[in-house]
Amino acid sequence: MTAINHHLDEVILLDYHRGRLNAGQSLLVETHLEMCPHCRTSLRLFDAIGASMLEDIVPVDMADDALELALARIERPEEAPEPRVAPELPAYLKGIDLPESVRAAAFKPRYWGAPGVWMAHLDAPKDGRGLTYLMHVKGGMQMPVHDHQGLEMTLVLTGCFSDDRGAYHPGDCVSCDEGDHHSPLIAADDCLCLIAANAPIAPKTLLGKLLQPFARI
Amino acid sequence: MSFDRDDLIGSSTRMIVAETGLSRGGRPVGVPEALILRIAEGRDRAAYAQLFSQYAPKLKAFMMGRGLTAIEAEDLAQDALLNVWRKASYFDPSKASATTWIYSIARNLHIDGLRKQKRAQTLPEDLWAPEPEQAPDTHLIGVQDAKTIGVLMQTLSPEQREVVRLSFFEDLSHGDIAQALSIPLGTVKSRLRLALLRLRAAFETRAESKSAKIESKSV
Ligand SMILES: [Zn+2]
């Protein structure tokens, strides 16, 4: 795998570490972490920072029988964890080289957003206004300039695209925020991305807006 | 927890509590790393009792700061230490200090709880597994202990330290932090970003000089 050049923002990583991201954003972060030793190191740093605070904290007494309970619990045989059944990979993803975390996630059936573009939404409980989906774009296409309504993170899974800020390869992550606008160009190969957007407007409308100006080159 | 406490507390565990004298404010002794190794190697209950007394009240305090009720925080501290017992064989003191390892277990349990995903076992077996690839920037920072970070924290400006502290200690969004400090959200984020990058740079420098020393020794 080529080296990753575009990393997650440290503040987003910290929010992941604090458990403040929604399911889709967490999936995106976990997928990037799976691919990126640099960001894994940041996460370990955060654990060490948290630990340093734990060392200095003023303790709060546990219940009187807490230690007895703890010692009793370790006597109990460990229950075997329920085997986690990975959802079956949808047909449209078969044959694509995917990170484990994406494989283990459940996506709804795909639909075509425009000629050469399909999308599949993450099957997760509705969590705020967040919207997370896979987007597969045929090689050679260009998305006309569009702007962003809120934080949108895009993680490249396969293929490559570029904009005025650089080229993005598998593992690379690009964040756009309110006011940003760009015009991504997809390289020769088909490009599959995982996108987690904090859309302030209805999903269908946003997608419609995004995709309506798609043009085949 | 749905089991009956009295059923569980057998006579053997009562004896350990009596022997170690730790159940009522006894002072824990022993280096925590050594205690975990004693658990890993000998299923040492006395070592576990010491570790529990040392860490559970701190984890409880930490989790109450993160917005859990006293009962939830107590349960989480219990669960975290139970995982310490079960996963002790995965602990490697060359990768993480005891406090860092225990903290990372508690953090994982906490965010899993937040996500309310009812997966029975989501903790990876080895939270501090060796890096599969050795990219230059992955010099293990795990070897650094929490005390080192405490020292590095002192190199931050008071403003940077404050946003870091709030991010870890309080269950606040960046917007809440901005409000609490009466500064713009963008300032909170840039302070935080700078502070984290600075800690990371200091961290890596130390890790590199450490690994350089090890290499020169082995020549
Ligand atoms: Zn990264």
Considering residues that are surrounded by 21 or more Cβ atoms within 10 Å (Cβ to Cβ) and in a helix (DSSP H, G or I), the number found within the stretch A:15-27 is 6
Criterion violated by residue B:186 - all others in (1) within 11 Å of chain A (Cβ to nearest Cβ); (2) within 18 Å of residue A:50 (Cα to Cα) satisfied
(2)
For the stretch B:70-167, which fully contained helices (runs of 4 or more DSSP H) count at least 3 residues that are under 25 Å from residue A:67 (Cα atoms) and modelled with pLDDT of 95 or more?
B:70-87, B:98-115
Say whether the condition of being part of a strand (DSSP E or B), acidic (Asp, Glu) and at pLDDT below 85 is met by at least one residue in the stretch A:156-163.
yes
Would you call residue A:86 surrounded by fewer than 17 Cβ atoms within 10 Å (Cβ to Cβ) and within 16 Å of the ligand (Cβ to nearest atom)?
no
Exclusive hit being among the β-branched types (Val, Ile, Thr), crowded, with 20+ Cβ neighbours inside 10 Å and facing chain B (nearest Cβ under 9 Å), set A:12, A:49, A:57:
A:49
Scan the stretch A:45-53 and tell me whether some residue there is within 16 Å of the ligand (Cβ to nearest atom) and out of contact with any strand residue (DSSP E or B) (no Cβ under 8 Å at 6 or more places or on another chain).
yes
Which ones in the stretch A:72-129 are among the small types (Gly, Ala, Ser) and closer than 30 Å to residue A:140 by Cα?
A:91, A:95, A:101, A:104, A:105, A:106, A:113, A:114, A:116, A:120
Of the residues that make up the stretch A:37-53, is at least one within 24 Å of residue B:69 (Cα to Cα), under 13 Å from the mean Cα position of the chain (by Cα) and not acidic (Asp, Glu)?
no
Of (1) buried (at least 21 other Cβ atoms within 10 Å of the Cβ); (2) more than 9 Å from every other protein chain (Cβ to nearest Cβ); (3) within 14 Å of the ligand (Cβ to nearest atom), residue A:30 fails just (1)
Filter the stretch A:91-111 down to residues that are touching a residue at least 40 places away in the same chain (Cβ under 8 Å) and assigned to a strand (DSSP E or B), then give me how many there are.
0
Please verify whether the stretch A:81-90 includes one or more residues that are more than 30 Å from residue B:71 (Cβ to Cβ), assigned to a helix (DSSP H, G or I) and away from chain B (no Cβ under 12 Å).
no
Return yes when residue A:7 is in contact (Cβ under 8 Å) with a residue 24 or more places away in the chain, part of a loop (DSSP other than H, G, I, E, B) and within 10 Å of the ligand (Cβ to nearest atom) and no when it is not.
yes
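The values are calculated or read from the model by the stated rules, or taken from the named source; none is laboratory data. Everything numeric in this text was worked out from a predicted model, so none of it was measured. Neighbour counts are summed over all protein chains in view; Cβ atoms, including those assigned to glycine, are modelled from backbone coordinates with ideal geometry.
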